[in-house]
Amino acid sequence: MGNGNSSAITINLDRNNLLYFSDETVSGTIDLNIRQGKLKADEIYIILMGEIGNTTMPVFSHSNSGFLARSSVKPKYHHIPFYSAKVIIVRPVRQKKLIFDKLWYETITKVTKYLTIYPRVNLLQYPQYLLPTTFEKQNITFRTIMRIQYQKDITFKATFNKLGYVPGEIIQFILEMENPRRVLIKRIDLSMVQTCEIGRAAYSLPISRTILPKIRNLKGQQIRQKFSIEIPLVPIPPSYQFRGGIRKIAVVNICYMFQFTVKVEERCICYDVHIPIILGTEPNPDLSQQPTSNSISISYSSDIEPTMFSADDPPPSYDSVVQNIR
């Protein structure tokens, strides 16, 4: 369609929000601008390419003239195509070919538009996550920064109204603790953590975090508090599993958990409680029915450094929530 200086293509989508779901239609217009010369477009087409990507951080060691060895980190990005669909916008008429004054001008003008596409995860398909659930841990063992462990006679108990949510919903739970030795409980942090596996790469990323109010420097033998905390209404990929690909198999596992971090005494002793949850995309919460008067907003963090993890409770598979993939 001409060289890079003589023509240009612009893709204009029908909406500004470039987040789509698996059953939505991407629509818009394509503008081809011929800046100079007389060029004929033999064919204009769009390829929707689905890619799963991850960044690995290999460490390279090298020595410098016999001195101490140094190490450097060089990120490497891997992208695995798992879906491809081609739509021809302008078809050739009578097999016309591109004709140029000089053959070396025969190049293709390309433009790339990046979209974010999430699968739909309907929580109604997983009723077991919509029931009240209680997690209890007795005689929990705390650890210090130096990994020294101390066992405290403390019982941790959390009762949730459900474990399936969508962004913007309010988490409701009752936190109960038995503290017969009156150990000083400095504070309790609640984080929503995303765990992700792409191939052999794995990381854990806290996407939201808050400090529970009313639990600061307490020594009571029994603690019982009710909390309502709002999940950030931001684009977050749902829980899903996927295995597939075009030329290379891609294995993806994204899941979420609530993490309670209990900090006690003066030696930075803490204990983490992990509660697996499912994050879906629908049904949308009825905001008028949610308790908003005393709800706590969780701060959203999108740039926290990820850490390694091991997931114990896998989310629903990708194929179980996306039935028609073409």
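Listed values, structure above:
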{"quantity": "Whole-Å semi-axes of the ellipsoid equivalent to region 144-245 (Cα gyration tensor, √5λ, descending)", "calculated": "31, 19, 12"}
{"quantity": "Highest average packing first - 17-28, 220-231, Cβ atoms within 10 Å", "calculated": "220-231, 17-28"}
{"quantity": "Cα-Cα separations in region 197-262 greater than 16 Å, expressed as whole percent", "calculated": "65"}
{"quantity": "R0 of 51 Å, Cβ-Cβ distance Asn139-Glu282: FRET efficiency to nearest 0.05", "calculated": "0.80"}
{"quantity": "Using a Förster distance of 45 Å, the FRET efficiency for Ile174-Thr29 (Cβ separation, nearest 0.05)", "calculated": "0.25"}
{"quantity": "For Gln225, net neighbour charge (Lys/Arg +1, Asp/Glu -1) across residues whose Cβ lies under 10 Å away", "calculated": "+2"}
{"quantity": "Where labels lie 7 Å past Cα in the beta-carbon direction, separation of Tyr45 and Arg120 in nm", "calculated": "2.9"}
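Read-outs: derived from the displayed coordinates by stated rules, not from any lab. Keep in mind it's a predicted model, so treat the numbers as computed, not measured. Positions of Cβ are backbone-derived with ideal geometry, glycine not excepted, and every protein chain shown enters the neighbour counts.
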